[in-house]
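The values are calculated or read from the model by the stated rules, or taken from the named source; none is laboratory data. A quick note: this is a predicted structure, and the numbers were derived from the prediction, not measured. Here the Cβ is made from the backbone with ideal geometry for all residues, glycine too, and neighbour counts use every protein chain on show.
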């Protein structure tokens, strides 16, 4: 814990001063089941990464029992039945029951975005549409760089089903220029996203600062909840200090990460609480 907090404080001292300007627009909170996103501390997400139904159900039970976890993300691309829509729907309903009210983000992370499996856009569209019809998910991840017609259709289908859209972009090789990060996140809003998400890989502390600065810039211009992160050990501060820069959600883990740099959710929650309490006291 001391190491995490020390790294956090050291990195925050490097953030350049921002000129005085008008306050950012208030975040429009999302009510997802019993979880309200965009108010107070960032909400914590823990991935379900099991390769089999039994493993996924065991991880869901651990998430349900974790008082430090607010939401689950079900990474179906890890599963041995990843493209079997009827089997996924049946398993998704079982996982939802085990989660006992904790909301679930359903995600097929394509290989092009750092996931486990390649998939054609037409199959990506059909699979996600089937999962939406299954009626067990409160949120769904839609990758912004899939075919534009697929993205548009999935956003419409999700909203028609009362499901919130986390729109996402990932770069596991590098950190794009901050202007590009800002542009992608704002484009996600135009495309109908309810949560704007980007994950990038830093090569040094400057890349982490670019991600945090881009997050803050988007926060000045958008009222949508933000989920941004710099991955790996170098970027861990971005998972901890998110509230300071406008993040509404952050990923932790229980045992098995879904991306490099994730922190055990209990430790993550402890740091988030310290930062939130300090920020409230300083107002």
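Residue-by-condition table, conditions (1) in contact with a strand residue (DSSP E or B) (Cβ under 6 Å, 6 or more places away or on another chain); (2) outside any helix (DSSP H, G or I); (3) more than 22 Å from residue 71 (Cα to Cα); (4) modelled with pLDDT of 95 or more:
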position: 153; (1), (2), (3), (4): no, no, yes, yes
position: 199; (1), (2), (3), (4): yes, yes, no, yes
position: 214; (1), (2), (3), (4): no, no, yes, yes
position: 228; (1), (2), (3), (4): yes, yes, no, yes
position: 233; (1), (2), (3), (4): no, yes, yes, no
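Tallying residues that are crowded, with 22+ Cβ neighbours inside 10 Å and farther than 19 Å from residue 225 by Cβ within segment 155-171 yields 0. Filtered by the rule that a residue be under 15 Å from the mean Cα position of the chain (by Cα) and farther than 19 Å from residue 104 by Cβ, segment 242-267 gives 242, 243, 246, 247, 260, 261, 263.
Which ones in segment 135-149 are part of a strand (DSSP E or B), touching a helix residue (DSSP H, G or I) at 6+ places or on another chain (Cβ under 8 Å) and either at positive phi or in contact (Cβ under 8 Å) with a residue 40 or more places away in the chain (or both)? Hit for segment 135-149 is 142, nothing else. Scanning segment 63-86 for residues that are over 18 Å from residue 109 (Cα atoms) and surrounded by fewer than 18 Cβ atoms within 10 Å (Cβ to Cβ) yields 64, 65, 67, 86. Take the conditions (1) touching a helix residue (DSSP H, G or I) at 6+ places or on another chain (Cβ under 8 Å); (2) under 24 Å from residue 242 (Cα atoms); (3) without any contact (Cβ under 8 Å) to a residue 40 or more places away in the chain; residue 102 misses just one of them, which is (3).
Restricting attention to segment 253-270, the residues that are part of a strand (DSSP E or B) and over 14 Å from residue 70 (Cα atoms) total 1. Being at pLDDT below 55 and either within 27 Å of residue 234 (Cβ to Cβ) or surrounded by 13 or more Cβ atoms within 10 Å (Cβ to Cβ) (or both) is a property that residue 3 has. Within segment 203-235, the set of residues being farther than 16 Å from residue 189 by Cβ and surrounded by 23 or more Cβ atoms within 10 Å (Cβ to Cβ) comprises 208, 211, 212, 229, 230, 231, 235. For beta carbons closer than 6 Å, sequence separation of 6+ or different chains, a first residue in segment 240-263 that is at positive phi and free of Cβ contacts under 8 Å to residues at least 40 places away in the same chain and a second that is surrounded by 21 or more Cβ atoms within 10 Å (Cβ to Cβ) and not in a helix (DSSP H, G or I), the qualifying pairs are 261/231; 261/235.
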